[in-house]
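Report on the following structure.
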Amino acid sequence: MNAEELKGHLDVLILAVLATGPLHGYAVIESLKQRSGGVLALPEGTIYPALHRLEADGLLASEWSTASGRRRRVYSLTKRGEKDLGVRRERWQLFANTIEAVLA
Amino acid sequence: MSYLDTLDNELALAGIPRRRRSRIVTEFADHLDENPGAELGDPGPLAQQFADELGTRLARTSAYRAFALLALAGALLVVLFFSGGRTWGGWVGYGYYRITAYLPGWWVPYMIVCFITAQVALAAGSLALLRAWRLRNQPVMTAADAVIVNRRAALALVCGAVTMTLVPATHFVVGPTPALAISPAMTVAVCVLVFALLAALPSVLTAARLRPSREGQAGDLVTDLGTDDARVTPWRVALALSVAILVVATLLGIRTDDTYDGILRGLLDAGACMIGFIALGRYLGLRTAS
């Protein structure tokens, strides 16, 4: 799947990945790749503007942590983010079911 | 020059504040430490993406914050006037007690400034909110829209702060009048609000530096109202608003048995509305050059 196709769904994918627990930027990308069997691949830098945007929208929270002497920013889902993810999941399910019904 | 240095430079060029820039570079450095071969993308477009998205959000948030603070300021002014008005039981300035009756002549220009800044703050704050709300679902607003939202929010905050400083100052410089009797608690509330209004300005300035790169027209007052009706033009809207102000002021005058005073105030308010539209219309994106 190319980056443009993925762009419209990036927010919900990030929220879904972070629903499993707090992660830093690199781990978010790795989790996305892993969970999609390598299908969801995008220029890695583009994840960071999205993370900052979601944080600015109050859907994510972040804090500094230290790993192997390095500072890293760890992101987690806020209550609002959890709610938003639930809404987006429902919408996606409805959309996917509808398309599936038409294509079947 | 390393990738991280280039990214830092590009972020600075895009107007990203130093603290945010440092955070982004640290995150990218951590990413490269995890995977030195990672393809993070071209620093220029990446920096612009940060500026687009953060600039849009910051402009919107600044507009919402400016309006919320001005709403508080408005409520405080109403309480202030009504607590003064309690002593004579009427609306400020209407009826027998006119505020100018208690002020020296040289105070009139001061009151005119108060009047103008209050009106401009209300108009600019409401318009900032209107535009920000209209664009609430856009991930990235156009550079022209961002300029308009930021200008409106900045002007609203400055004028709000000036009004909130000048109006209560009357009490302390001239002394208490029936229309302005300020308690110590009210003085503290006004000071806190002035501080909050001024404290909100830096985020508007930051938003102004983070101008999104998306091209497009900002539109005008009709765009704000979201109507496609060709009969609705910015000039007609301004004129209709002025007439509405005149009617309301006249009705208030009639209600307080001073029709002449009501009409006079109505004409003054309506005139101020039109003058404001002419003077600030283009700057605040209410009308286009044509």
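Would you mind stating whether residue B:51 is modelled with pLDDT of 90 or more and under 30 Å from residue A:31 (Cα atoms)? Judged against the criteria, residue B:51 is a match.
Here is a yes/no grid of residues against (1) at pLDDT 90 or above; (2) surrounded by 21 or more Cβ atoms within 10 Å (Cβ to Cβ); (3) under 17 Å from the mean Cα position of the chain (by Cα):
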| residue | (1), (2), (3) |
| --- | --- |
| B:61 | yes, no, yes |
| B:98 | no, no, no |
| B:102 | no, no, no |
| B:127 | yes, yes, yes |
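Across the range B:52-61, a minimum of one residue is classified as farther than 21 Å from residue B:155 by Cα, more than 7 Å from chain A (Cβ to nearest Cβ) and not β-branched (Val, Ile, Thr). Which one is farthest from the other protein chains (Cβ to nearest Cβ), of the residues in the range A:69-97 that are of a type in the set (A, V, I, L, M, F, W, C) and part of a helix (DSSP H, G or I)? Selected residue: A:96. Scanning the range B:233-255 for residues that are buried (at least 16 other Cβ atoms within 10 Å of the Cβ) and either free of Cβ contacts under 8 Å to residues at least 40 places away in the same chain or over 21 Å from residue B:223 (Cα atoms) (or both) turns up B:237, B:241, B:242, B:245, B:246, B:249, B:250, B:252, B:253. Looking across the range B:207-224 at every residue that is under 23 Å from residue B:269 (Cα atoms) and in contact (Cβ under 8 Å) with a residue 24 or more places away in the chain, the one that is surrounded by the fewest Cβ atoms within 10 Å (Cβ to Cβ) is identified as B:220.
Taking the criterion of being out of contact with any strand residue (DSSP E or B) (no Cβ under 7 Å at 6 or more places or on another chain) and in a helix (DSSP H, G or I), the residues of the range A:29-40 that qualify are A:29, A:30, A:32, A:33, A:34, A:35.
In the range B:22-42, of all residues being in contact with a Gly (Cβ under 8 Å, 6 or more places away or on another chain) and part of a helix (DSSP H, G or I), the one that is farthest from the other protein chains (Cβ to nearest Cβ) corresponds to B:28.
The values are calculated or read from the model by the stated rules, or taken from the named source; none is laboratory data. Note that the coordinates shown come from a computational prediction; the quantities given were computed from them, not determined experimentally. Using ideal geometry, Cβ is built from the backbone for each residue, glycine included, and neighbour counts are taken over all protein chains shown.
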